[in-house]
1. Report, by residue number, each residue of the stretch 178-212 that is open to solvent by 50 Å² or more (accessible area, probe 1.4 Å) and out of contact with any helix residue (DSSP H, G or I) (no Cβ under 8 Å at 6 or more places or on another chain).
2. Go through (1) in contact (Cβ under 8 Å) with a residue 60 or more places away in the chain; (2) open to solvent by 60 Å² or more (accessible area, probe 1.4 Å) and name the single condition Glu226 misses.
3. Just one of (1) away from the ligand (no atom under 12 Å from the Cβ); (2) out of contact with any strand residue (DSSP E or B) (no Cβ under 8 Å at 6 or more places or on another chain); (3) among the basic types (Lys, Arg) trips up Arg95, so point out which.
4. Can you tell me which residues in the stretch 5-23 are open to solvent by 70 Å² or more (accessible area, probe 1.4 Å) and either basic (Lys, Arg) or within 16 Å of the ligand (Cβ to nearest atom) (or both)?
5. Please state which of the following conditions Ser243 fails to meet, knowing it meets all the rest: (1) among the polar types (S, T, N, Q); (2) part of a loop (DSSP other than H, G, I, E, B); (3) open to solvent by less than 90 Å² (accessible area, probe 1.4 Å).
6. Given the conditions (1) within 14 Å of the ligand (Cβ to nearest atom); (2) open to solvent by 10 Å² or more (accessible area, probe 1.4 Å); (3) under 23 Å from Met240 (Cβ atoms), which single one is not true for Leu147?
7. I'm trying to understand the selection: among the residues of the stretch 65-88, which are among the hydrophobic types (A, V, I, L, M, F, W, C) and within 14 Å of the ligand (Cβ to nearest atom)?
Amino acid sequence: MLAADNFRYKGVPFPKKSHSEESIDFAENVFPVLDDDIFNITYPKSGTNWMIEILNLIKNKGDITLSNQVPIYMRSPWYESIGSNEQIQTLTRPRIISSHLPIQIFAKSFFNSKAKVIYTMRNPKDIFVSNYHFAKIISLFKQPESLQSCLEEFLQGNVIYGSWFDHVKGWLQMKDDDRFFFITYEELLQDLRGCVVRICKFLGQELDDEAIDLVVKHSTFKSMKENKMSNWTTMPDDVMDHSKGSFMRKGVSGDWKNHFTVAQSEYFDKIYQEKMRDFNFKFFWEEN
Ligand code: PPS
C-alpha cells in the first residue's frame, strides 16, 4: 500500500509523514554504525516487532522490565524515520536498531563495520494481508480501495519501501556473510525456542535455560498482545484508530487463504514465479 502522501528516494516510495529526503539520506550516507550494533531488518509486516521483543529480551537475559516500561517502537527505533536519531542516541549498547530499508540504500558505514544483521522474512501473501488490515487502522496509509487493486500495487512494488521481491533478493546477497543471519516468521511460529537459541548463538550471547524460557514466554503472541508496551495501544488515536482493529492482529501463518480467491492466489503465484525465477533459494513457506 502507498501512503496518503509519498515521495521517492532513489526510486523507492516512502511516506512523507514519517520520512523525509533528509532522514533517508542521513540513514544511507551519514549514520555512524558501531561495531557492536545489531540491526533488525525486515520488509514491513514480516515480524519486525516480534524480533524487537526477542532481541531486547535476549539482551536483557529474559528480564521483562524494559518491555514493560518502554513502547516497543521506541525500544529499537527504525533508524531511517524522522526523529529516530535522537532516540537511538539514548539506547544502551549493544544497540538494537530496526530498519525496513532495502540493501541498496542501507547505511554505507555498515558495510565496513562488524555490526550484525538479523533479517526476518515472511510468506509475502501473509505480508500482504497483514498490511492490508494495517492500512485500515493507521493514518499513514491511503485507505485501501479493494483487495485486488492493493494486490496489484504490491506485486508491482508500488508500495512503501518498494518491492518485496527486490528487498528479499537484495538482502539475501549477504546470506553467506558471517555478520548476517536470516530467519522466517514461519520458523518462529513453528519453534520459537529453537529460533531463540539459534539467535543467541549468532549473537554470541550465552543464556541459561531459565533465561531462554523467559525470552520465549514474553515473546509469544499472547504475551505481546497483552502487554500494552508491546501491542501498540500506546500509539495516539490520531495515528492509529484502535476502534478499527489491532496491530497484534492474528499472528498466524496462512491467513491469506481466508482472503484470496483462487484466481488471486494463482495471479500471485504467477508473478512470484516470474520474479523469483532467476533466484536460486528455497524459502521455508515454499516447502511447508
Ligand atoms: S511493521 O508495521 O512492519 O513493523 O509490522 P511487523 O511487526 O513487521 O509485523 C506485524 C505482524 O507480526 C505479527 N506479530 C506476531 N505474530 C506472532 N507472534 C508474535 N509474537 C507477534 N508479534 C507480532 C502481528 O500480529 C502482525 O501480523 P498479522 O498477520 O497482521 O497478525
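The values are calculated or read from the model by the stated rules, or taken from the named source; none is laboratory data. Please read these numbers as outputs of a predicted model, since none were measured by experiment. Cβ: placed from backbone, ideal geometry, glycine included. Neighbour counts: every protein chain shown. Side chains are part of the model used for accessible areas, which takes the heavy atoms of the whole protein and leaves out ligands, DNA and RNA. Shrake-Rupley method; radii C 1.70, N 1.55, O 1.52, S 1.80 Å.
1. Within the stretch 178-212, Asp178, Leu189, Gln190, Asp191, Arg198, Lys201, Gly204, Asp208, Asp209, Glu210 meet the criteria.
2. (1)
3. For Arg95, the exception is condition (2).
4. Correct list: Arg8, Lys10, Lys16, Lys17.
5. Of everything listed in (1) among the polar types (S, T, N, Q); (2) part of a loop (DSSP other than H, G, I, E, B); (3) open to solvent by less than 90 Å² (accessible area, probe 1.4 Å), Ser243 misses just condition (3).
6. (1)
7. Residues satisfying the conditions are Ile72, Met74, Trp78.
Results for (1) closer than 22 Å to Trp256 by Cα; (2) under 17 Å from the mean Cα position of the chain (by Cα), shown as yes or no for each residue.
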residue	(1), (2)
Cys150	yes, no
Leu155	yes, no
Asp166	yes, yes
Lys201	no, no
